[in-house]
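Read through the structure below, which is laid out as structure tokens, and then see the notes.
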Amino acid sequence: MNIFLIETPLQLLNAIEAKNYFKLANNHLLVFVETTGYDSELFKLLVCEDDWDEVRFINLYNKKIEFKSKLLGHRISEKVQGWGYDYQQFLNRNKLDGIVHSFGRCKNIFLGNYLRDYIKYMRHFANTLEHEHLYILDDGTDALLINNERKDRSLRKDHTGGSGSYISRLKAKLRKSLIEWNDKDADKIIFFTAYDMDVGYNDHLVRNEYKYLREKAASVVISDNVFFLGQPLVDDLYMKNEVYFDYLRKIKRYFADEKLVYIPHPRESVEIVGKIKEYLDLDIKRFNVPIEYEISIKGNKPKVLASFFCSALQNCKIILDQQKIKAIYIPPEHLMRGHELTQTAYEYFKKNANVNFEIVKL
């Protein structure tokens, strides 16, 4: 039995690639919906249930809890609110543990993400279900960060101490066994990745060459459009509004002789996209599927694909093979946060640049 845990469309595409690459049978897909803003309808559009032995759509409890009582006061109200979140997390853990119990054991687990302190329930699943091999799928450039974390051995130590009173230690033990996720690092993982990385001690790497999507894209006729993939840099507070718009103006001038189409990121706000259309007069086109799916399965292949440090550039570099891809460089001083992520991505792009994959400084 092979079990795939995913929560984004890109993770789903990489799960499909892994299933085909390893020629696996008896495959079970667990789709955690609405944990990252993607609803079940999108996944139902992308998931072909006949390709899987089982598909489960799973919701975790993620409600905002507010409790304020003048009678009890601010301090007690905060405690009650905290208990509410603890109970919600208890239900989530109980649900996932029930799923683990229903499987018993498996041969391979494929996780959509493994970032430390991010998607802890995926780590918990792998730590509680007996398995032989643990694979990590790409979720954008997070693969590079995960590899960096894995190579830093100090992060992989269990820092839970045994200090404090007997009561405090007992409470901590109960929380650990009933409420909190078990997010301990695995001793060994296997990256199934589009990135050529030097992995750390005991880890392994299998290159994802996107063979399945490349075969689909090879027969598609190229359009005369230039697709620019937007990123939620303003919404995620990576960049000031005016700086992002200034870059888009320069990009519009750079592609002045081409049919430039702006593809908003799914998390870009309606307000920002509206301003891009109004002030920059860019042609806007939204896709309800990942760009990798759009250019291959749906057959909408552009003449040139461009973005900033979007992870799709690396994936599409493999899928599109000999077509032009351009990464627009953003220097660190123009960003308010995320410097490690962006520089890691650009350094990787630089190392793998060629005649068709270019880093552009405007």
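Brief remarks follow.
- Total formal charge among the other residues, if their Cβ is under 11 angstrom from that of residue 231, Lys/Arg +1 and Asp/Glu -1: -2
- Protection proxy ranking, highest mean first, for peptides 309-321, 208-220: 309-321, 208-220, where packing is the per-residue count of other beta-carbon atoms within 10 Å, averaged.
- A Förster radius of 30 Å, combined with the Cβ-Cβ distance separating residue 64 from residue 177, puts the computed FRET efficiency at roughly 0.70.
- Once the Cα-Cα distance is subtracted from the 0.36 nm per residue extended length, the residue 280 to residue 261 segment shows a gain of 5.7 nm.
- Each of residue 116 and residue 209 was given a label point 7 Å from its Cα along the Cα-to-Cβ line. The distance between the two points is 3.4 nm.
- Counting only Cβ charges, +1 for Lys and Arg and -1 for Asp and Glu, the dipole size of the chain around its Cα centre is about 880 debye.
- By the helix-only formula, in which each DSSP H run with n ≥ 4 contributes -39500 (n - 2.57) and the sum is divided by residues, the chain has a 222 nm mean residue ellipticity of -12500 deg cm²/dmol.
- Under 16 Å from the Cα of residue 259 - aspartates and glutamates, other chains or at least 8 residues apart: 224, 281, 283
- Taking a Cβ cut-off of under 15 Å around residue 50, the surrounding Lys, Arg, Asp and Glu residues balance to a net charge of -2, with basic ones at +1 and acidic ones at -1.
- Within straight-line cross-link reach of residue 151, lysines at Cα separation under 18 Å, skipping those fewer than 8 residues along the same chain: 184, 188
- This structure gives Rg and Dmax of the Cα atoms in Å, computed directly, and of (1) 22.3, 77; (2) 22.3, 72; (3) 20.8, 64 that value is listed as (2).
- Given charges at Cβ of Lys, Arg, Asp, Glu: the stretch 197-251 dipole, positive-most of 238, 219, 206: 219
- Mean separation of Cα contacts under 8 Å (6+ apart) over length of the chain, as relative contact order %: 14
- In nm, spacing of pseudo-spin labels at residue 250 and residue 321 (7 Å Cα→C-beta vector): 3.4
- Check: the stretch 2-208 dipole with +1 on Lys, Arg Cβ and -1 on Asp, Glu Cβ, in debye: 1300
- Look at the dipole of the chain built from charges on Cβ: of 20, 336, 360, the Cα furthest out on the positive end belongs to 336.
- Charge tally around residue 34: other residues with Cβ under 11 Å, Lys/Arg +1 each, Asp/Glu -1 each, net -3.
- Over the stretch 214-360, relative contact order from alpha-carbon pairs under 8 Å, at least 6 apart, %: 30
- When you count the other C-beta atoms within 10 angstrom of each residue and take the mean per peptide, 245-252, 283-290 line up highest first as 245-252, 283-290.
- Note: relative contact order over the stretch 2-208, using C-alpha pairs below 8 Å and six or more positions apart, is 20 percent.
- Tensor-based shape of the stretch 214-360 (alpha-carbon gyration tensor, a/c under 1.5 rounded, otherwise prolate or oblate): oblate
- Excluding same-chain neighbours fewer than eight residues apart, the aspartates and glutamates reachable from residue 171 by a Cα-Cα span under 15 Å are 86, 180.
- In this structure, residue 202 and residue 223 have a Cβ-Cβ separation that, at R0 = 35 Å, corresponds to a calculated FRET efficiency of about 0.15.
The numbers here are math on the coordinates, done by the rules we state, and not lab data. For clarity, every value in this text was computed on a predicted model and none was experimentally measured. Cβ coordinates were reconstructed from backbone atoms using ideal geometry, including for glycine residues, and neighbour counts include every protein chain displayed.
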